[in-house]
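A short worksheet on the structure shown next.
Nothing in this text is a laboratory measurement; each read-out follows from the coordinates by a stated rule. Note that the coordinates shown come from a computational prediction; the quantities given were computed from them, not determined experimentally.
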Amino acid sequence: MLSPDFADRYRKYLTSLPCAQLLLCTLALTACTLNNETNSLQDSHDQTLYELVWADEFDQETCPSPHSWIHEEAFVRNRELQWFQPDNAFCKDSILIIEARREKKTNPNFFAQSSHWQQNRRFIEYTSASLMTRGLWNWRYGRFEMRARIPVAPGLWPVFWTMGSRGQWPACGEIDIMESYRGLLLANACWAGDEQGHPDWNISRHPVTDLGDKWAESFHIWRLEWTEADLRLFVDDRLLNTVDLQTTLNPPGTVPPNPFQQPHFLILTLAVGGSNGGNPSSTVFPARFEVDYIRVYQGLGISP
């Protein structure tokens with residue numbers, strides 16, 4: 001079911017299309033687009049008939065919308081340097097901006113005798129934001145698109161990713177539709193490799209310098225095509241990685257048996273440092289991860 005605010009914007013959008021085109025396309029008959037910058041809704045891989053089921057154009061009065069996103073807060077994962085806080089996510093000119101800042105604050109969870117990294121840091125040195133649709137929206141299979149401009153300076157770690165609704169990580173499954181750090185653009189998936197909770201990864205790495213001059217200065221379109229058979233990850237129609245879902249089985253007895261046959265929720269994150277991000281000391285802050293839109297399509301007859 002679509003939320004009332006999205007349904008209203010969707011109806012307005014449909015009436016604005018030439019000849020009242022429906023956002024339902026087939027490979028043989030249709031080549032419709034949401035606008036001149038988006039990809040066709042036809043799927044040449046499996047010829048699925050798609051419909052738009054959810055989108056955020058970041059043009060609401062309250063943005064980001066609490067009907068679509070919740071915020072992560074505090075120090076969360078990967079020994080990252082940033083403290084997540086809602087203040088670092090805001091919208092301007094219909095663009096969601098996730099802003100990483102270098103700012104010093106007292107860690108309210110500080111405990112000197114703690115062995116946990118989230119608590120034994122006396123100070124917060126960086127802040128940023130992470131937004132999730134967890135508990136609000138999730139989907140199984142479909143086509144997921146983001147148009148965004150990402151920061152690639154040292155120490156920055158932007159990610160557009162998903163996690164499964166059931167199970168603990170990595171058994172729940174993770175899809176990194178867009179991930180970037182240390183001069184690389186990645187397209188990945190992971191699941192549980194053994195009963196001890198170690199992940200199995202399918203990783204594809206691409207140097208940003210190979211993508212073209214001044215590539216990071218522009219907006220680009222990332223896309224996940226997810227079927228019962230595989231995951232296909234793209235940027236600007238360039239296939240970055242394919243994951244065969246017959247290979248993504250969790251250990252026997254693990255819930256779920258295959259994490260990519262269950263619904264997933266979306267996450268938008270701009271991290272600083274941590275296990276993969278690198279050293280941010282030479283980077284100029286604030287730094288921004290800018291998102292124009294996120295759109296989700298599903299095949300007709302596919303249950304969320």
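Apply the Karplus parameterisation 6.51 cos²θ - 1.76 cosθ + 1.60, with θ equal to phi minus 60°, to every residue of the stretch 151-161 and state each ³J(HN,Hα) to the nearest whole Hz, in sequence, with x for glycine and proline.
Residue by residue, the stretch 151-161 yields x, 10, 5, x, x, 9, 9, x, 9, 10, 8 Hz.
Report ³J(HN,Hα) in whole Hz for each residue of the stretch 256-273, in order, from the Karplus equation J = 6.51 cos²θ - 1.76 cosθ + 1.60 where θ = phi - 60°; Gly and Pro get x.
Whole-Hz 3J(HN,Hα) from phi for the stretch 256-273: x, x, 10, x, 9, 10, 9, x, 10, 10, 9, 9, 10, 9, 10, 9, 10, x.
Considering Cα pairs under 8 angstrom that are at least six residues apart, work out the relative contact order of the stretch 54-296 and quote it in whole percent.
Here the relative contact order equals 28 percent.
Please report the spacing between the Cα centers of the stretch 190-237 and the stretch 94-140 in Å, no decimals.
Distance between centres, Cα-based: 24 Å.
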